[in-house]
Each structure stands twice: as C-alpha cells, then as structure tokens.
Amino acid sequence: MKHFTLTTALALLLANPVFANDKPGEGTTVRVIMPAQIEEHFHHYVLLRALQDLGYTTADPAEAEYQTIHLAIGSGDADFTANHWQTLHNAFFEESGGAAVMSKVGVILPGALQGYMVDKASYDAGITDLGMLKDPEVAKKFDADGDGKADLVGCMPGWGCERVIEHQLTEFGLRDTVTHNQGSYQAIIGDAIARHENGEPIIYYNWVPYWVSGVLVPGKDVEWLSVPYTSLPDGNDANTTFEGKNLGFAVDNVSVLARNDFLEANPAAKALFEAATIPVNDVSVAALEISKGADSSEEIWALADKWIADHRATYDSWLAAARAVK
C-alpha cells in the first residue's frame, strides 16, 4: 500500500479545487437585479453561475427598468446589476446615490454602441445623416402613419436613451419633421422589421449588443446614420465616433454596478466582476436565440452554460482571480 507524504497531500490539495478553499462566497446570498428586457439576461446568468461556483447562494433575480434598477441598488434593495452603461446611465447613477453607495466595477461588455439606423436602400440613396430629416421631403419618406412626419422607432421611457433622443430632436431642429415613437421597444421594432420586409423605408434607434442586429444586419440590411455634431444632455463631451462616423451616442462600456458595502464584504465577488468580460457579439447571438423563443429561465441558463463550456479557460481565469483574493 502506498503511503501519502505531506508533499503528496499538498499537491492533491492544490490540484483539486474540491479540497481547496474555492468557495469564498459560502454562506452569503447575492441579490441581482436585471433589466425587464429578457434578451438582456444572458450575461447576468453567466455571472450568476460564476458566483455559484464560488460558493455564493444567488437569490431569484429581480427585474426592473434601468432607472429603477439604479434606485434599487442605491437604496439597498439589490446588490448588483451587470447592465450599467457607464456614460448613458451616469445620470441614473448620480441620482441614486452615486459613488457614496455604489461602484462601477470592471467592463463586462466592452465597446457597446447606440445610434440611429436606416434601411440600406435609403442610405445608399443619400440619406446618411440624421440632420437630413429636417427637410420635410426627406422625413416624409419614413412616414408610417400618414401624418407627413418621419416615424422614428425610439427609446422606451426609463432606459436613458430617451433623454438623448429628446435632446437631439430639439438640438438638430427635428421637432416639426420627426415623431419619436416610444413604448414597448419589442413591439415597435417588430413593426419596423415587418415594414422593412415589405420594402418600406425605416428609421430606428438601436443598440449593440442586442438581437435586432442579427435580423437587420448592419452593412447588409441597414446602416448607422451620422449626426450633425456631438450634442448630449448636460453638455456631456463623451466620444461618440465609431469607425469614423459620429453616431450621436457615447461609444460606451457596460459595467457591473454594485453596492459598496457588498463589495467590501465580498472581495471575491468584486474580483470576479473586475475580471469578467464577454464579447458583445456573443451577447447579441444569445439575445437573438432568446428572441426566437429560448426565453424560459431554464433555456437562458442553458445558453449561459454553453457559453461557459465553449470559453472554459476564460471562465476559469475569472474564478482563479476571485479565489486568489485574500
């Protein structure tokens, strides 16, 4: 019979995380709050799985619109969200208590984009800038309801993007020629997709990562519009240029937003949030699957687990960073 030496025991301990101290979150329950838009849930589930692998218990996710998400974290009703757009949502951040109570941690989704898009036929015909819709004849091309004004598929109140659009409609002199249609984005973008399939011109607000760009593909079906110049609410001077084109919205990064007291009590979770990064295209692919019907909690967990399996080395590096914190 072999006899285990101290060296052998230590080697086994280090090689097998089951025996190592790999559950720094054991005994702690984490409360996540996610956007009400189910297509935004995927990357939260990836982080929740990582937290579970670190020993944390994860409470059933809460859902709300973005402004309410920030208020919930600021007031202590939730511990974190993984959908804080650093520039777009900064006003919500400040209005909900700011740095005194919460922190923007890491970059879970780098290079997130927003802006205005038109069908490619209209773009190729010369409609390349939002400011061109000041001309009533140009705007009329995007009239969907017969009132002579362009119908812009816009931003749902409470998301943050509606503040930018409303500001720019005034700033660029578009109030008389453009209607900002707001409401359930899924419903109004669905109508625009149907009109595009019928060969009709469309104009809409869009963001990446999201499933819409998997249906209306930039460069193939639609194109980003430029804007006359950068003008954001509150005089924000963020970079709005992407690939040489001024999109009118900040080229942004999406971070985890977490309560300071939670981060201080849970350094392993903080290290995880700092390390975790998911390509925006991967999130868009998952969002498209969800929009096509993979929208139950079980199916979204399955999408998250598949991503983890396909990116095991990356995922394991997040866990290692979290476990390394003393």
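The figures follow:
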| quantity | calculated |
| --- | --- |
| Failed item, numbered, when VAL217 is tested on (1) without any contact (Cβ under 8 Å) to a residue 12 or more places away in the chain; (2) of a type in the set (A, V, I, L, M, F, W, C); (3) crowded, with 16+ Cβ neighbours inside 10 Å | (3) |
| Yes/no for LEU303 being surrounded by 15 or more Cβ atoms within 10 Å (Cβ to Cβ), touching a Ser or Thr at 6+ places or on another chain (Cβ under 9 Å) and not assigned by TED's automatic domain parsing to the domain that holds LEU174 | no |
| Single unsatisfied condition, GLN37 versus (1) polar (S, T, N, Q); (2) closer than 19 Å to ASP282 by Cβ; (3) modelled with pLDDT of 95 or more | (3) |
| Matching entry among VAL280, VAL256, VAL285, VAL251 (being farther than 30 Å from GLY25 by Cβ and either acidic (Asp, Glu) or under 15 Å from the mean Cα position of the chain (by Cα) (or both)) | VAL251 |
| Enumeration of residues in segment 184-240 that are touching a Leu at 6+ places or on another chain (Cβ under 8 Å), β-branched (Val, Ile, Thr) and not in a loop (DSSP other than H, G, I, E, B) | ILE193, ILE203, VAL208, VAL215, VAL222 |
| The listed residue being under 18 Å from ASN266 (Cβ atoms), touching a residue at least 12 places away in the same chain (Cβ under 8 Å) and buried (at least 16 other Cβ atoms within 10 Å of the Cβ), out of ALA59, ALA78, ALA91 | ALA78 |
| Of the criteria (1) under 24 Å from HIS43 (Cβ atoms); (2) assigned by TED's automatic domain parsing to the domain that holds GLY154, which one ASN260 fails | (2) |
| Condition broken by GLU137, with the remaining ones in (1) part of a helix (DSSP H, G or I); (2) within 25 Å of the chain's Cα centre (by Cα) satisfied | (2) |
| Residue in segment 233-242 that is farther than 14 Å from VAL107 by Cβ, among the β-branched types (Val, Ile, Thr) and in the same structural domain as LEU169 (by TED's automatic domain parsing) present | yes |
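Residue by residue, here is whether (1) in contact (Cβ under 8 Å) with a residue 60 or more places away in the chain; (2) touching a strand residue (DSSP E or B) at 6+ places or on another chain (Cβ under 9 Å); (3) surrounded by fewer than 17 Cβ atoms within 10 Å (Cβ to Cβ) holds:
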site: GLU162; (1), (2), (3): no, yes, yes
site: ARG175; (1), (2), (3): no, no, yes
site: VAL178; (1), (2), (3): no, yes, no
site: SER184; (1), (2), (3): no, no, yes
site: TYR205; (1), (2), (3): yes, yes, no
site: VAL212; (1), (2), (3): no, yes, no
site: TRP224; (1), (2), (3): yes, yes, no
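The values are calculated or read from the model by the stated rules, or taken from the named source; none is laboratory data. In this text the structure is predicted, and so the values were computed from the model without any measurement. As a convention, Cβ positions derive from the backbone with ideal geometry for all residues, glycine included, and neighbour counts pool all protein chains shown.
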